[in-house]
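S.K.: Have a look at this one.
The values are calculated or read from the model by the stated rules, or taken from the named source; none is laboratory data. Everything quoted here is computed from the prediction, not taken from an experiment. Ideal geometry is used to build each Cβ from the backbone, glycine not excepted, and the neighbour counts take in all protein chains shown.
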Amino acid sequence: MDLLALRLVFILVLAVVCWFFRPFGVEPWLAAAGGAAAAALIIFFELRVRALTLRRLFGAVIGSLLGIAGAFLFSLVLGNSLPPGHARSLLQIGVLLLMTYIGLVVGTSKGDLLNLAALGDLFASERSGRRNPKVLDTSSIIDGRIADIADTGFLEGTLIVPEFILRELQMVADSSDSSKRQRGRRGLDVLQAMRANSNLNMQIVEEDYPNIREVDLKLIELARQHEARIVTNDFNLNKVAQVRGVAVLNINDLANSLRPVVLPGEKMRVLVMKEGKEYDQGVGYLDDGTMVVVDHARRLIGRQVEISVTSVLQTASGKMIFGKVDETPKPEPIRGPVEVS
């Protein structure tokens, strides 16, 4: 709010100054309008510069300096080739603006290729103050596990939620499909709970990219500008982001890595809940949701049995454990000699 007031004061001051001095001899009201327009353009430029990463800002500065140097050399050629006059001055100014603009645009777009680590400790404070940001997508919010992960303290840094993700969540919550509507409302509840958590640093950003239609590509561009990682459990977004050079934290990968390691031959107890696809199979689940397929356990549905693991299969959707009912006879207790009276 203070920054907004400062910008309004800046526009007002520049308009008053132009009204008082009347540059180029124009009417006072026209000079004031021109001053206000110039202040608005300066503020717009300031907003764009604030959104740039340090690499892109360095690229823009280097590109503009190279453009000015090239324009200076080109102006020397024009000065020796053309007679003095308005035509030569116009060409020199045009070349200066053109080369500076091209250097600025190219330097900004190629700024991500700069390696600031080569500058040593010059920007050590900037790196230490980095927020370690992470961008949340719709699937991770609706999934709900992100709130538990962040609450445990394992997910540090600033959690960024863009406005276009909030709009997508609102559309899902207002869907005519009851299943989608329930998922959307659950996602909004998760966000509300995370914002109420004082231990989490959440930030809602208004940045949008009207020239990009796909939400996934918007997320990738936002993460690239903020030098952030994307938190998701969307398989397609995971692959596209990796191809475009953006780091991804996949919740499903985290869940799979936290599941306990089971080796063939180990014993475990499982509740047989239903029959399997193959003949005489039973299916149960561990506490973490891992499916356990038990041979010859169809007759044991509804009972908790001890099984011996035969193999473990890792699939794209998770881990599957195969086993058989442990029918190893238990040793009879050793009894003492019976006394005969």
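S.K.: Applying the selection to the stretch 187-210, what residues are charged (D, E, K, R) and within 22 Å of N132 (Cβ to Cβ)? Walk me through how you get there before you give the answer.
M.R.: Within the stretch 187-210, the subset charged (D, E, K, R) is 189, 195, 206-208.
Of everything in the stretch 187-210, those that are charged (D, E, K, R) and within 22 Å of N132 (Cβ to Cβ) turn out to be R195, E206, E207.
Every residue, every condition in (1) out of contact with any Ser or Thr (no Cβ under 6 Å at 6 or more places or on another chain); (2) among the polar types (S, T, N, Q); (3) assigned by TED's automatic domain parsing to the domain that holds D253; (4) under 14 Å from P260 (Cβ atoms), yes or no:
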{"residue": "G282", "(1), (2), (3), (4)": "yes, no, no, no"}
{"residue": "G289", "(1), (2), (3), (4)": "yes, no, no, yes"}
{"residue": "V293", "(1), (2), (3), (4)": "yes, no, no, no"}
{"residue": "R299", "(1), (2), (3), (4)": "yes, no, no, no"}
{"residue": "E306", "(1), (2), (3), (4)": "yes, no, no, no"}
{"residue": "S311", "(1), (2), (3), (4)": "yes, yes, no, no"}
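S.K.: Moving to a separate point now. Looking at N252, N233, N256, which one is within 14 Å of the chain's Cα centre (by Cα) and of a type in the set (S, T, N, Q)? If you could, list the steps in order and put the result at the bottom.
M.R.: On the way: N252 fails: within 14 Å of the chain's Cα centre (by Cα); N256 fails: within 14 Å of the chain's Cα centre (by Cα).
Of the residues listed, the single one that is within 14 Å of the chain's Cα centre (by Cα) and of a type in the set (S, T, N, Q) is N233.
S.K.: Within the stretch 24-41, can one find any residue that is surrounded by 13 or more Cβ atoms within 10 Å (Cβ to Cβ), in the same structural domain as L8 (by TED's automatic domain parsing) and either closer than 29 Å to Q203 by Cα or modelled with pLDDT under 80 (or both)?
M.R.: Step one: of the stretch 24-41, the residues surrounded by 13 or more Cβ atoms within 10 Å (Cβ to Cβ) are 26, 30-40.
Narrowing the set further to residues that are in the same structural domain as L8 (by TED's automatic domain parsing) leaves 26, 30-40.
Now narrow it down to the ones that are either closer than 29 Å to Q203 by Cα or modelled with pLDDT under 80 (or both): 39-40.
Yes, the stretch 24-41 contains at least one residue that is surrounded by 13 or more Cβ atoms within 10 Å (Cβ to Cβ), in the same structural domain as L8 (by TED's automatic domain parsing) and either closer than 29 Å to Q203 by Cα or modelled with pLDDT under 80 (or both).
S.K.: Considering only the stretch 217-229, I want to know if a residue exists there that is more than 24 Å from L258 (Cα to Cα), free of Cβ contacts under 8 Å to residues at least 60 places away in the same chain and not aliphatic (A, V, I, L, M).
M.R.: yes
S.K.: Can you give me the number of residues within the stretch 140-160 that are among the hydroxyl-bearing types (S, T, Y) and not in a helix (DSSP H, G or I)? Spell out the reasoning first.
M.R.: Pass one, the stretch 140-160, residues among the hydroxyl-bearing types (S, T, Y): 140, 152, 158.
Now restrict to residues that are not in a helix (DSSP H, G or I): 158.
Residues meeting the conditions: 1.
S.K.: How many residues, within the stretch 278-290, are surrounded by fewer than 17 Cβ atoms within 10 Å (Cβ to Cβ) and β-branched (V, I, T)?
M.R.: Selection size over the stretch 278-290: 0.
S.K.: Select from the stretch 161-208 the residues that are part of a strand (DSSP E or B) and of a type in the set (D, E, K, R) and list them in ascending order.
M.R.: Across the stretch 161-208, there are no qualifying residues.
S.K.: Just to be sure before I move on: is R299 assigned to a helix (DSSP H, G or I) and surrounded by fewer than 14 Cβ atoms within 10 Å (Cβ to Cβ) in the structure I sent? Full working, then the answer.
M.R.: On the way: assigned to a helix (DSSP H, G or I): yes; surrounded by fewer than 14 Cβ atoms within 10 Å (Cβ to Cβ): yes.
So R299 passes the test.
S.K.: Shifting gears a bit: Tell me, yes or no, whether the stretch 260-277 has at least one residue that is surrounded by fewer than 17 Cβ atoms within 10 Å (Cβ to Cβ) and in contact with a His (Cβ under 6 Å, 6 or more places away or on another chain).
M.R.: no
S.K.: Restricting attention to the stretch 230-259, report how many residues are free of Cβ contacts under 8 Å to residues at least 24 places away in the same chain and of a type in the set (D, E, K, R).
M.R.: 2
S.K.: Quick check: anything in the stretch 47-55 at pLDDT below 85, of a type outside the set (D, E), surrounded by 12 or more Cβ atoms within 10 Å (Cβ to Cβ) and assigned to a loop (DSSP other than H, G, I, E, B)?
M.R.: Yes: one or more hits.
S.K.: Moving on. With the condition kept exactly as written, say whether any residue in the stretch 248-257 is among the hydrophobic types (A, V, I, L, M, F, W, C) and closer than 30 Å to S109 by Cβ.
M.R.: Within the stretch 248-257 (the criterion being among the hydrophobic types (A, V, I, L, M, F, W, C) and closer than 30 Å to S109 by Cβ), the answer is yes, since at least one residue qualifies.
Okay, residues lined up against (1) touching a Gly at 6+ places or on another chain (Cβ under 6 Å); (2) closer than 28 Å to L98 by Cβ:
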| site | (1), (2) |
| --- | --- |
| F10 | no, no |
| A15 | yes, no |
| P28 | no, no |
| L65 | no, yes |
| I68 | no, yes |
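S.K.: Filter the stretch 218-269 for residues that are among the charged types (D, E, K, R), assigned to a loop (DSSP other than H, G, I, E, B) and either in contact with a Phe, Trp or Tyr (Cβ under 6 Å, 6 or more places away or on another chain) or under 24 Å from G157 (Cβ atoms) (or both) and give the result. Write out each step before concluding.
M.R.: At the first step, the residues of the stretch 218-269 found to be among the charged types (D, E, K, R) are 218, 221, 224, 227, 229, 234, 239, 244, 253, 259, 266-267, 269.
If we keep only those that are assigned to a loop (DSSP other than H, G, I, E, B) too, we end up with 227, 234, 244, 259, 266.
Residues satisfying the conditions are E227, D234, R244.
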